[in-house]
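Trainee: After the structure tokens below, expect a handful of questions from me.
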Amino acid sequence: MARYVDTALSAGEPILYDAKVHWAVFLEPFTKWIGTAVFLAIVWTFIGVLIVGDLSENLADERATQALGWLSALSFTHIVILIAILIGVQSLIKALIYYYNSDFVLTDRRVISKFGLLSRTTSEQRLSKVESIHVYQSFLGRLLNYGTVTVTGTGSSATKFGPMADPIACKRAIETQLDLVKSDAG
């Protein structure tokens, strides 16, 4: 299946820079999973022991066991682990969708970005309308060479993409093309 960017290009419009999503997009799901696991471990340590005693007394009743079915076999520890896994998997799926379904491309005429899988958000800015380029890199972003690039156009239009690999190279490529567009116009 062709990328949106490939279908949006005009005849003879070459791609000069194709930005890639940085692997750091997976740091958030990982830290969310670790944070949830730590939180649930703390809850289990201080509150879980009290709850388990109550649950085991309630589950001893045969009618309660039949009503719960397979859930009665789960201990509180299993439930805590299941919650942590579900939160981690949800965050990981979201990051995978962003990683594999986001495009940011510079051509000789415009900047094109596309996000989304089922619903799609696109932004296209003509280079002649670009006013400024902003790069944001956190401390970790500088260490791992990723960041967010925002291309601001006339009016209130802004195209933001990140975390992208090597945002400074992207900024340089856009600036180089902007200089060429201005020299051709002038």
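Trainee: From the residues in segment 111-121 that are part of a strand (DSSP E or B) and free of Cβ contacts under 8 Å to residues at least 40 places away in the same chain, which one is most open to solvent (accessible area, probe 1.4 Å)?
Mentor: Applying the filter and picking the extreme gives T121.
Trainee: Then there is this: Wholly within segment 122-186, which strands (runs of 3 or more DSSP E) include no fewer than the required count, namely at least 1 residues that are open to solvent by 80 Å² or more (accessible area, probe 1.4 Å) and out of contact with any Asp or Glu (no Cβ under 8 Å at 6 or more places or on another chain)?
Mentor: Answer list for segment 122-186: 130-136, 158-165.
Trainee: From the list F139, F161, which residue is of a type outside the set (S, T, N, Q) and under 14 Å from D18 (Cα atoms)?
Mentor: F161
Trainee: For the condition under 18 Å from the mean Cα position of the chain (by Cα), within 30 Å of F39 (Cα to Cα) and not charged (D, E, K, R), what is the one hit in L144, L82? Write out each step before concluding.
Mentor: Numbers: L82 fails: under 18 Å from the mean Cα position of the chain (by Cα).
Only one candidate qualifies: L144.
Trainee: Kindly indicate whether E131 is in contact with a Lys or Arg (Cβ under 9 Å, 6 or more places away or on another chain), of a type in the set (D, E) and on the phi < 0 side of the Ramachandran plot.
Mentor: no
Trainee: Related question: Name every residue in segment 5-26 that is assigned to a helix (DSSP H, G or I) and open to solvent by 50 Å² or more (accessible area, probe 1.4 Å), in order of residue number. Spell out how you get there, then give the answer.
Mentor: Applying the first criterion (assigned to a helix (DSSP H, G or I)) to segment 5-26 yields 5-8, 23-26.
Hits for segment 5-26 are D6, T7, W23, F26.
Trainee: Name the single residue that is least open to solvent (accessible area, probe 1.4 Å) among those in segment 78-94 being touching a Pro at 6+ places or on another chain (Cβ under 8 Å) and of a type outside the set (S, T, N, Q).
Mentor: Top of the filtered list is G88.
Trainee: Being modelled with pLDDT under 90 and closer than 22 Å to P14 by Cβ is true for just one of T176, T122. Which residue is that?
Mentor: Being modelled with pLDDT under 90 and closer than 22 Å to P14 by Cβ holds for just one of T176, T122, which is T122.
Trainee: Restricting to segment 134-146, what's the tally of residues that are in contact (Cβ under 8 Å) with a residue 60 or more places away in the chain and at negative phi?
Mentor: Qualifying residue count, segment 134-146: 4.
Trainee: Could you tell me whether segment 95-109 includes any residue that is more than 16 Å from Y17 (Cα to Cα), open to solvent by 20 Å² or more (accessible area, probe 1.4 Å) and touching an Asp or Glu at 6+ places or on another chain (Cβ under 7 Å)?
Mentor: No: zero hits.
The values are calculated or read from the model by the stated rules, or taken from the named source; none is laboratory data. In this text the structure is predicted, and so the values were computed from the model without any measurement. Heads up, the Cβs are rebuilt from the backbone with ideal geometry, glycines too, and the neighbour counts pull from every protein chain shown. In case anyone asks, the SASA skips ligands and DNA or RNA and just uses the protein heavy atoms, side chains included. Shrake-Rupley method; radii C 1.70, N 1.55, O 1.52, S 1.80 Å.
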